[in-house]
Amino acid sequence: MIAVAAFRFKLQPVLEQREREERARRIELAAIEGERGEAEAIIRGAQVAIEAFREEWRATATRGVLRPGDIGRQASASIAQHVKAQQAAIRLAGIMERLDEARGRLAQASARRRAVELLRQRRLAEWEREQAHREASAVDDLVTGAAARRLMRGGS
């Protein structure tokens, strides 16, 4: 029976650490993407609310039923939505900056992992060539031994 050798990559712990680092960078990026989505949702909600206030004001104005208190409340609510949207936009700008930085860190982590992966692939191909060479040598030795035994027995 022939023993089957197993490929062992000496830098496997390094590759696993690089994979963990890349996963952590992906999680970090996803969290920041979530923050971006929340900020964008706040801005969209504020815009919808502002437009609703405008429509309500237009409808009230066309009916000719304008009360000073209603106008003041609508204006105040509209201003509050503007402030909310502006704050979210400022927050979004910071998030976008962090998002770009996180993408860069992910790209670096991916490149570092890929470099070790390529090294592993090269080492595996090298190991497979060595295994094929060893197997061919073993077969040659078997054939040579069989031929020598035939010659010693006087056969052809």
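The values are calculated or read from the model by the stated rules, or taken from the named source; none is laboratory data. The model shown is predicted, which means the values in this text are computed figures rather than measured ones. Glycine gets a Cβ as well: all are built from the backbone with ideal geometry, and neighbour counts include every protein chain shown. These accessible areas exclude ligands, DNA and RNA; they are computed on the full protein's heavy atoms, side chains included. Shrake-Rupley method; radii C 1.70, N 1.55, O 1.52, S 1.80 Å.
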Which trypsin sites (Lys or Arg not before Pro) in region 1-101 sit in a loop by DSSP (not H, G, I, E or B) and have at most 14 other Cβ atoms within 10 Å of their own Cβ? ARG8, LYS10
Once you have the Cα-Cα distance between LEU142 and ALA93, take 0.36 nm times their residue separation minus that, and quote the gain in nm to one decimal. 10.4 nm
Probe 1.4 Å, all protein chains present, accessible-area order of TRP57, TRP127, largest first: TRP57, TRP127
Computed [θ] at 222 nm, deg cm²/dmol, the chain (DSSP H ≥ 4; -39,500 (n - 2.57); rounded to nearest 500): -33500 deg cm²/dmol
Report which label in (i) -0.37, -0.85, -1.22, -1.28; (ii) -0.63, -0.88, -1.06, -1.10; (iii) -0.30, -0.73, -1.20, -1.32 holds the value of log10 I(q)/I(0) by the Debye sum over Cα atoms at q = 0.09, 0.14, 0.18, 0.19 Å⁻¹ derived from the coordinates of this structure. (ii)
How much solvent-accessible surface does PHE7 expose, in Å² to the nearest 10, with a 1.4 Å probe and all protein chains in place? 50
Once phi is turned into θ = phi - 60°, what whole-Hz ³J(HN,Hα) does the Karplus curve with 6.51, -1.76 and 1.60 give for every residue of region 23-31, x standing for Gly and Pro? 4, 4, 5, 5, 5, 4, 4, 5, 5
Can you tell me the orientation of helix 68-153 relative to the chain, as the angle in degrees between its alpha-carbon axis and the longest Cα principal axis, to the nearest 10? 10
Of every hundred units of 1.4 Å-probe accessible area on the chain, the number belonging to carbon and sulfur atoms, as a percent, is 58
Which of ALA136, ALA46, ALA102 ends up with the largest GNM mean-square fluctuation for the chain, with Cα atoms connected below 10 Å? ALA136
Suppose all protein chains stay in the model; what accessible area per residue would a 1.4 Å probe give for region 23-156, in Å²? 71
